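Working notes, structure below.
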Amino acid sequence: MSLTNAEKFECPYCMTYNDLEIDEANDVGQQQIVDCQICCSPIELSIIDNGFGIEIIAKRDDDWDE
């Protein structure tokens, strides 16, 4: 049994889908910075449980003005 779930998210720079392994016990509620697997741009990820499942919010480096 795997402890991680395979998820996909869209790069906010080049719009291609990237793969991400999420450990629900440790990654939910966390923020991460990953590089796009295609264009290598830094992506800030926020991983949340929205009540219906895991949601990955991917933003550009300069989008975090909130």
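The values are calculated or read from the model by the stated rules, or taken from the named source; none is laboratory data. A quick note: this is a predicted structure, and the numbers were derived from the prediction, not measured. Quick reminder, even Gly has a Cβ in these numbers, built from the backbone with ideal geometry, and neighbours come from all protein chains shown. Ligands, DNA and RNA are stripped out before the accessible areas are found, and what is left, the full protein with its side chains, is counted by its heavy atoms. Shrake-Rupley method; radii C 1.70, N 1.55, O 1.52, S 1.80 Å.
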For this session: Could you run through region 11-55 and say how many residues are in contact with a strand residue (DSSP E or B) (Cβ under 7 Å, 6 or more places away or on another chain), open to solvent by 80 Å² or more (accessible area, probe 1.4 Å) and assigned to a strand (DSSP E or B)?
Result: 6
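If we keep just the residues of region 1-10 that are of a type in the set (S, T, N, Q) and not in a strand (DSSP E or B), which is surrounded by the most Cβ atoms within 10 Å (Cβ to Cβ)? Reasoning before the result, please.
Of region 1-10, the ones of a type in the set (S, T, N, Q) are 2, 4-5.
Then keep just the ones that are not in a strand (DSSP E or B); that gives 2, 4.
Details: Ser2: 7, Thr4: 13.
The extreme case among them is Thr4.
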For this session: Hey, could you check region 56-66 for residues that are assigned to a strand (DSSP E or B) and not β-branched (Val, Ile, Thr) and say which is surrounded by the most Cβ atoms within 10 Å (Cβ to Cβ)?
Result: Ala58
